[in-house]
């Protein structure tokens with residue numbers, strides 16, 4: 001997990017510097033009465049058939065005025081801006097990398113929301129309704145929403161059981177939306193005490209610092225792990241990445257695969273895996289996952 005800890009430390013440092021820069025910076029001039037902006041949410045639209053479902057967990061707005069960082073604000077937020085008259089406003093959708101509050105950053109696949117000529121009004125609260133979508137240069141190596149006739153995950157030799165679709169269609173257990181009537185379900189009970197499932201296909205993904213993320217909706221009544229199988233030379237390495245804690249409902253997470261892939265530049269391929277067990281205290285556990293995506297962009 002060394003590369004994960006390095007990532008956390010680096011992003012935390014960058015975020016801290018950005019916040020300091022945003023909080024300390026003043027606009028030129030003698031303005032003392034700020035204008036105020038309010039942002040409640042940032043919405044996401046997708047092309048379902050090529051980009052998957054439009055689920056998201058955009059938690060923050062990274063706000064720039066005339067290309068200068070004002071700050072990163074947890075949503076919903078109302079915040080002052082020392083600007084008046086017409087200025088450029090840019091809102092970058094922010095996430096928690098690996099679900100950790102200390103690793104907030106703009107998501108590299110979501111487009112910024114830009115108003116080229118926004119008229120700031122002193123001592124007035126102006127409400128923005130930002131929208132975003134994926135960059136056209138985003139690549140989707142894997143999409144799995146459990147709506148098809150087959151599932152692109154399979155159990156490994158270590159698993160007592162496999163993953164199935166929820167049943168029947170539109171079961172209240174599933175993630176339900178316009179395009180979703182099913183989710184993936186794993187049930188541990190009785191003799192089925194451990195699961196480990198991995199992507200059926202293997203993937204060759206860009207390293208050298210290129211952004212690569214796994215997106216996932218999930219709910220579970222017992223923690224489970226997410227990691228990578230990396231084939232490096234003649235060895236298949238098992239690299240745990242993130243532990244998903246017990247939830248009371250559906251959640252969305254963005255898991256950063258990029259640093260691990262960069263650490264293995266000679267890897268022949270990777271697979272994503274999920275695993276858990278009942279341990280010694282539990283007798284029953286259910287796990288649900290949906291809207292799985294591996295998204296990447298090549299470095300220029």
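The values are calculated or read from the model by the stated rules, or taken from the named source; none is laboratory data. Computed from a prediction, not measured in an experiment: that's the story for all the values here. So basically every Cβ, Gly included, is an ideal-geometry build from the backbone, and we count neighbours across all protein chains shown.
Out of the strands (runs of 3 or more DSSP E) lying entirely within the range 87-192, which hold 2 or more residues that are crowded, with 18+ Cβ neighbours inside 10 Å, in contact with a strand residue (DSSP E or B) (Cβ under 8 Å, 6 or more places away or on another chain) and not assigned by TED's automatic domain parsing to the domain that holds residue 45?
Working: elements: 104-106, 113-120, 125-128, 139-144, 153-155, 184-189.
Correct list: 139-144, 184-189.
Find the residue count for the range 268-284, including only residues that are surrounded by 14 or more Cβ atoms within 10 Å (Cβ to Cβ) and either under 15 Å from residue 224 (Cα atoms) or without any contact (Cβ under 8 Å) to a residue 12 or more places away in the chain (or both). Spell out how you get there, then give the answer.
So the first thing to find is which residues in the range 268-284 are surrounded by 14 or more Cβ atoms within 10 Å (Cβ to Cβ), and the list is 269-278, 282.
Those left that are additionally either under 15 Å from residue 224 (Cα atoms) or without any contact (Cβ under 8 Å) to a residue 12 or more places away in the chain (or both): 272-278, 282.
Within the range 268-284, residues that are surrounded by 14 or more Cβ atoms within 10 Å (Cβ to Cβ) and either under 15 Å from residue 224 (Cα atoms) or without any contact (Cβ under 8 Å) to a residue 12 or more places away in the chain (or both) number 8.
Quick one: residue 282 ticks every box in (1) touching a helix residue (DSSP H, G or I) at 6+ places or on another chain (Cβ under 7 Å); (2) part of a loop (DSSP other than H, G, I, E, B); (3) within 29 Å of residue 173 (Cα to Cα) bar one, so which box is it?
Against the list (1) touching a helix residue (DSSP H, G or I) at 6+ places or on another chain (Cβ under 7 Å); (2) part of a loop (DSSP other than H, G, I, E, B); (3) within 29 Å of residue 173 (Cα to Cα), residue 282 comes up short only on (1).
Give 295, 272 a once-over and let me know the one that is within 17 Å of residue 158 (Cβ to Cβ) and in a strand (DSSP E or B).
Values: 295 fails: within 17 Å of residue 158 (Cβ to Cβ).
Only one candidate qualifies: 272.
Exactly one condition in (1) in a loop (DSSP other than H, G, I, E, B); (2) surrounded by fewer than 20 Cβ atoms within 10 Å (Cβ to Cβ) is not met by residue 79; state its number.
It is condition (1) that residue 79 fails.
Please specify each residue of the range 39-76 satisfying the condition of being assigned to a strand (DSSP E or B) and in contact (Cβ under 8 Å) with a residue 60 or more places away in the chain. Don't jump to the end; show me each part of the working.
Residues of the range 39-76 assigned to a strand (DSSP E or B): 39, 43-44, 60-65, 68-74.
39, 43, 44, 61 - these are the residues of the range 39-76 that are assigned to a strand (DSSP E or B) and in contact (Cβ under 8 Å) with a residue 60 or more places away in the chain.
Do you know which residues across the range 211-244 are over 12 Å from residue 294 (Cα atoms), crowded, with 18+ Cβ neighbours inside 10 Å and within 16 Å of the chain's Cα centre (by Cα)?
217, 218, 219, 226, 227, 241, 242, 244
Only one residue in 232, 170 is over 15 Å from residue 278 (Cα atoms) and at pLDDT below 95. Which one?
Working: 170 fails: at pLDDT below 95.
Just a single option satisfies the conditions, and that option is 232.
Over 30 Å from residue 179 (Cα atoms) and assigned by TED's automatic domain parsing to the domain that holds residue 164 - does that describe any residue in the range 247-256?
Step one: of the range 247-256, the residues over 30 Å from residue 179 (Cα atoms) are none.
No, the range 247-256 has no match at all.
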